[in-house]
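Read the structure below first, then the notes.
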Amino acid sequence: MNLVLLGPPGTGKGTIAKFIEVRFGCAHVSTGDLLRDEVASRTAVGLEIEPVMNSGALVDDAIVLRVLEKTLAGLKGKSFVLDGFPRTLEQGEILEPLLARLGIALDLVLEIDSPEEIIVKRLSARRQCVSCKRIYGLDVPSKNEGLCDECGSQTVLRKDDEPEVVKERLRLYNDITRPLSDFYSGRGLLRKIDGDRTLQEIFAEVEKLLSP
Ligand code: AP5
Ligand code: MG
């Protein structure tokens, strides 16, 4: 099953994608994580996009597409959960022929939403593992502060999680990304998930939705 997760920053896309990866074996493909890896590796692309990402703006389509296409092709038919792409109507339109070229069909789009005050609070407390990308937060703390339970690497704050930058990311989501909800609803692929609940409740609903 190939999925897309839509939803504002901090609403739980990465956390839910990791659950789906473990429970259903779909590879978690996060364009945000792929782009942050470019920044961390100090590649030419990484140096170019670092200030853009730190400001909360969107990275140029051509760069995101290059990174995404390479990753999807590398999956060699393994199912995936796409987190952070598409993010504009144009990207939604580009994704269709891209998947068709790879012989892949999209099965479902899950749209998660939460109130903005909860999002800002969650993001100021989020830490992410630099290596395996596991996500920690107020309700999911790591056992040893600053270290990942899974692989022992460092966990860090994201530069774009400062409240002012989060505001800009939310504004962009509402203006530019939210129309994708109607786009996928029109294709009969959209299911809405209330993100303002405990993770256990959300995981149970997702599990029910995705179980055969
Ligand atoms: P990206 O990495 O995709 O960030 P985002 O969409 O802003 O979303 P986040 O990763 O911040 O939040 P999330 O929904 O994954 O929440 P999480 O599970 O971590 O993109 C970053 C940047 O990359 C963009 O701004 C842009 O510059 C660039 N980019 C990426 N894709 C692009 C594209 N396609 N085109 C152009 N540019 C692109 O959860 C957040 C916190 O809340 C965690 O601490 C978690 O533990 C906690 N939490 C989650 N759910 C719950 C819950 N139900 N109860 C309690 N705590 C919870
Ligand atoms: Mg994320």
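The values are calculated or read from the model by the stated rules, or taken from the named source; none is laboratory data. Every value quoted in this text rests on a predicted model; they were computed, and no experiment measured them. For neighbour counting, all protein chains shown are included, and Cβ atoms are generated from backbone atoms with ideal geometry for every residue, glycine included. These area figures cover heavy atoms from the full protein model, side chains too; ligands, DNA and RNA do not enter into them. Shrake-Rupley method; radii C 1.70, N 1.55, O 1.52, S 1.80 Å.
Please state which one of Val64, Val59 is part of a loop (DSSP other than H, G, I, E, B), more than 26 Å from Asp194 (Cα to Cα) and within 12 Å of ligand 1 (Cβ to nearest atom).
Val59
For region 153-195, name all the residues that are in contact with an Asp or Glu (Cβ under 8 Å, 6 or more places away or on another chain) and either closer than 16 Å to Glu116 by Cβ or open to solvent by 40 Å² or more (accessible area, probe 1.4 Å) (or both). So that I can check it myself, show each step before the final result.
Filtering region 153-195 down to residues in contact with an Asp or Glu (Cβ under 8 Å, 6 or more places away or on another chain) leaves 166, 169-170, 181, 184, 189-195.
Result: Val166, Arg169, Leu170, Arg191, Lys192, Asp194, Gly195.
Sort out which residues of region 1-55 are assigned to a loop (DSSP other than H, G, I, E, B) and open to solvent by less than 10 Å² (accessible area, probe 1.4 Å), and write them in order of number.
If the condition is that a residue be assigned to a loop (DSSP other than H, G, I, E, B) and open to solvent by less than 10 Å² (accessible area, probe 1.4 Å), then Gly7, Pro8, Thr11, Cys26 are the ones that fit.
Confirm whether Arg87 is in contact (Cβ under 8 Å) with a residue 40 or more places away in the chain, assigned to a loop (DSSP other than H, G, I, E, B), touching a Ser or Thr at 6+ places or on another chain (Cβ under 9 Å) and open to solvent by 40 Å² or more (accessible area, probe 1.4 Å).
So Arg87 passes the test.
Could you list, in sequence order, all residues of region 129-149 that are of a type in the set (Asp, Glu) and surrounded by 13 or more Cβ atoms within 10 Å (Cβ to Cβ)?
Asp149
Which pairs do you get when a residue that is within 15 Å of Leu210 (Cβ to Cβ), found in region 185-197, comes within reach of a residue that is within 15 Å of ligand 1 (Cβ to nearest atom) and modelled with pLDDT under 95, reach meaning Cβ atoms under 7 angstrom, with the pair 6+ apart or on two chains?
Listed pairs, sorted by first residue: none to list.
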